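*Asks:* Take this structure, written in structure tokens, and hold onto it; I'll ask about it next.
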Amino acid sequence: MEVEKKIRKVVKFHSLILSQPNHTIAISLLDTLARRLGLGFKQHEPGAFLLKFPHVFEIYEHPVQRILYCRLTRKALDQIRHEHEAVLDQIPDAVTRLRKLVMMSNTGRIRLEHVRIARTEFGLPEDFEYSVILKHPQFFRLIDGEETRDKYIEIVEKDPNLSICAIERVREIEYRTKGIDAEDVRFSFVVNFPPGFKIGKYFRIAVWKWQRLPYWSPYEDISGYDLRSMEAQNRLEKRSVACIHELLSLTVEKKITLERIAHFRNVMNLPKKLKEFLLQHQGIFYISTRGNYGKLHTVFLREGYKRGELVEPNDVYLARRRLAELVLMSPRKAKVDAELVRYRDGLDDEDDVE
């Protein structure tokens, strides 16, 4: 998870540099801009942080001003290009993901700003308001809020074919390939408790009962049900698990920050105390709390990962993994690469002289 923390900071500096004229930034401005981004650095720490990742950031002296500047390396720019191309190539999938996301809302609409904040997680392009929403009027419409100036994404018509949850496909595979009784997996989730998690006899029985508890689908309208009974409350709680499971399944990396899940809490009837709720289901979800001094919580779908890698990788995920590889590459290798480049340049100069 320390790698995730580093990558988050690297990505923020990434975006900061690309937002500057000529995609360069003076080192002297880093302290001020890092504070503005809320990265939690002390004075002079941002420059030292960038020096740790020479495969991503290049520090150089301006030929005229004679002050230090920072820009992205060619490898980092290639990674950005690959990710951008991957996002554009999967726009049809992004349209489907957004349709399913809005269909999960209890009102058939979701605030545009909340989707914009989580744009990266859902693999939406930067101009998704046009390329995904406005270009597909048969699926979406943009409307203004009645009491606020906020815009909302509204689903034109719910498609029953999109109401099948990711967990339902998993159950079907379990039933067909492993020969498990259909009734045993009808309402069950994939549960993988963390190493060292102690499972007592009574806890095991409680999990067995919970796995067989019926619940309403995340895509089902429950506004007409009487939810006051204990059984209804138990079903509603399991439905919340299903909603968060489906939400994570719609992300390209099967993870999203807890704070962004909270943006959808009201429209999806999720519990108020989300962190405590998720910790009750550690066999399904994993919460990382190391980012931003323990204030940032990232929620992972356990079944989506195996040995730290996505079980079903996609092109967007693979492009983003390239950035992680650049972050993890040794600074010593960058020095060797630079020496090789200078050596080759020297050979070229000798050839020119001859």
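The values are calculated or read from the model by the stated rules, or taken from the named source; none is laboratory data. Values in this document were obtained by computation on a predicted structure and should not be read as measured data. FYI the Cβ positions are ideal-geometry reconstructions off the backbone, even for glycines, and counts take in every protein chain you see.
*Asks:* On the basis of being surrounded by 14 or more Cβ atoms within 10 Å (Cβ to Cβ), modelled with pLDDT of 90 or more and outside the structural domain of V95 (by TED's automatic domain parsing), does V191 make the cut?
*Replies:* For V191, the condition - surrounded by 14 or more Cβ atoms within 10 Å (Cβ to Cβ), modelled with pLDDT of 90 or more and outside the structural domain of V95 (by TED's automatic domain parsing) - is met.
*Asks:* Of these, R66, R119, R36, which one is closer than 16 Å to Y317 by Cα, outside any strand (DSSP E or B) and without any contact (Cβ under 8 Å) to a residue 60 or more places away in the chain?
*Replies:* Selected residue: R119, the only one of R66, R119, R36 that is closer than 16 Å to Y317 by Cα, outside any strand (DSSP E or B) and without any contact (Cβ under 8 Å) to a residue 60 or more places away in the chain.
*Asks:* Could you say which residue among K198, K238 is out of contact with any His (no Cβ under 6 Å at 6 or more places or on another chain), closer than 29 Å to Y305 by Cα, part of a helix (DSSP H, G or I) and of a type in the set (K, R)?
*Replies:* So the residue among K198, K238 that is out of contact with any His (no Cβ under 6 Å at 6 or more places or on another chain), closer than 29 Å to Y305 by Cα, part of a helix (DSSP H, G or I) and of a type in the set (K, R) is K238.
*Asks:* It is to be established whether one or more residues within the stretch 46-64 are under 20 Å from R321 (Cα atoms) and among the aliphatic types (A, V, I, L, M).
*Replies:* yes
*Asks:* What are the pairs, 6+ residues apart or on separate chains, where a residue within the stretch 204-230 that is at negative phi has its Cβ under 7 Å from a residue that is of a type in the set (A, V, I, L, M) and outside any helix (DSSP H, G or I)?
*Replies:* V207/V191; W216/I222; P218/M104; Y219/M104
*Asks:* Here is a further query. In this structure, is T120 modelled with pLDDT under 95, of a type in the set (S, T, N, Q), more than 20 Å from P21 (Cα to Cα) and surrounded by fewer than 18 Cβ atoms within 10 Å (Cβ to Cβ)?
*Replies:* On the way: modelled with pLDDT under 95: yes; of a type in the set (S, T, N, Q): yes; more than 20 Å from P21 (Cα to Cα): yes; surrounded by fewer than 18 Cβ atoms within 10 Å (Cβ to Cβ): no.
No; evaluated as a whole, the condition is false for this residue.
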